[in-house]
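**Q** Structure incoming, see below.
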Amino acid sequence: MNTKVAVVTGAAGGLGRAISQKLMDSGFGVVGLDIDVTGLDETTNELGTGFVPKTTDLTDAGRVKQVFEEVRQNYGGVDVLVNNAGTCFMSDFPNISSVEFDKQMATNFSSTFHCCQAAIPAMLERDGVKKIVNISSNGAYNFDVFDPPHYRASKAAMDTLTKDLARRYASERIAVNSIAPAMTETPLFGVLSKEVLQKAIDAMPHGRAMQASEIAAWVDFLVSPAGDVSSGNIIILNQGRDVR
């Protein structure tokens, strides 16, 4: 494992894999967390040495704490945490079951909360400016596009956590930011109907969805020394679609 350690959640998915690759290219050793064993194996085979997979149910606070303690013991702490894991359940209001609501909040928000809770003590032991990057969504702010309310709420909660932790740990030199992308080509496209997907892509000024590599480049910038002075910000990436 390289000197600097980054933990990336949802590492088995398209965006998580792109982020992990970009961070490895920048010299980080990456610990990838995901519940998808097969996806983690594929990511490990693709990324090779420097990527350490850990099968983790991120909705299980106890397991999250255990994993970060393992990282702390094995590598001496955590320099970067990227909370990328998430999903979108497409039931519309008011026809959203309590089970679906709880699962949406647990996957998108609670996992982020518990990962931050476990990572920050491991960051306090490290030198320099440590970084947390939360992958939010343009859906938390743009109500012209279709996103179900429990998904929006989960991402808005994530962004409030971003601001709280940025203020709370500024003097400890932990910088916390959110990236809120609009339409980005990932496996989550599969939860949308063809009609909804095409309408969303047509609304993008460049006439295309953004790519995982483009979002990964923004993560890489924030965790670089150039990002040291940025904290508490919600960076909205949408090709200028929502400028008013």
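**Q** So, with +1 on the Cβ of K and R and -1 on the Cβ of D and E, and no other charges, what is the size of the charge dipole of the chain about its Cα centre, to the nearest 20 debye? Provide the component values of the computation, followed by the final result.
**A** Values: 22 positive and 28 negative charges, 113 e Å.
In total the dipole reaches around 540 debye.
**Q** Also, quick follow-up: Could you calculate the contour length gain from residue 100 to residue 171, that is, 0.36 nm times the residue separation minus the distance between their Cα atoms, to one decimal place in nm? If you can, show how the numbers build up before the last one.
**A** Working: separation 71, 0.36 × 71 = 25.56 nm, distance 3.84 nm.
Result for the pair: 21.7 nm of gain on full extension.
**Q** For a quick protection proxy, order the peptides 140-148, 109-117, 55-63 by their average other-Cβ count within 10 Å, most packed first.
**A** Values: 140-148: 15.6, 109-117: 22.1, 55-63: 17.1.
Output ranking for 140-148, 109-117, 55-63: 109-117, 55-63, 140-148.
**Q** Cβ neighbours within 10 Å, averaged per peptide: list 204-213, 84-93 in order, most packed at the top. Intermediate results must be reported in sequence, preceding the final value.
**A** Values: 204-213: 14.8, 84-93: 18.0.
So the order, starting with the most tightly packed, is 84-93, 204-213.
**Q** Same structure, new question: Go through 163-172, 13-22 and give me the packing order, highest mean Cβ count within 10 Å leading. Working shown, then result.
**A** Numbers: 163-172: 14.3, 13-22: 24.8.
Averaged packing, sorted descending, gives the order 13-22, 163-172.
**Q** Which of 51, 236, 182 sits farthest toward the positive end of the charge dipole of the chain, with +1 on the Cβ of Lys and Arg and -1 on the Cβ of Asp and Glu?
**A** Among 51, 236, 182, the one farthest towards the positive end of the dipole of the chain is 236.
**Q** Separation between the residue 74 and residue 37 pseudo-spin-labels, each 7 Å from Cα along Cα→Cβ, expressed in nm?
**A** Reported label-point gap for residue 74 and residue 37 is 1.7 nm.
**Q** Still on this structure: Specify the inter-centroid distance of the stretch 3-51 and the stretch 64-141, based on alpha-carbon positions, in whole Å.
**A** If you average the Cα positions of each part, the centres end up 15 Å apart.
**Q** If you don't mind, there's one more thing I want to ask. Run the simple label-point estimate for residue 235 and residue 3 please: 7 Å along Cα→C-beta, distance reported in nm.
**A** Those two pseudo-labels are separated by 2.3 nm.
**Q** Any idea what the dipole of the stretch 147-233 comes to, in debye rounded to 20, about its Cα centre with Lys/Arg Cβ at +1 and Asp/Glu Cβ at -1? Show your work: numbers first, answer last.
**A** Numbers: 9 positive and 10 negative charges, 44 e Å.
So the magnitude is around 220 debye.
**Q** Let me ask something else. Express in nm, to one decimal, how much length is gained between residue 160 and residue 91 on full extension, taking 0.36 nm for each residue of separation and deducting their alpha carbon distance. Display every interim value, and only then the final one.
**A** Working: separation 69, 0.36 × 69 = 24.84 nm, distance 2.42 nm.
Extra length from residue 160 to residue 91 when fully extended: 22.4 nm.
**Q** Show which lysines lie in cross-link reach of residue 65 when reach means a straight Cα distance below 16 angstrom and same-chain residues fewer than eight apart are skipped.
**A** Filter leaves 54.
Throughout, read-outs are computed from the coordinates displayed, never taken from laboratory work. This one's a predicted model, so the numbers in the text were calculated from it and none came from an experiment. Don't worry about glycine lacking a Cβ; one is built from the backbone with ideal geometry, like all the others, and counts go over all protein chains shown.
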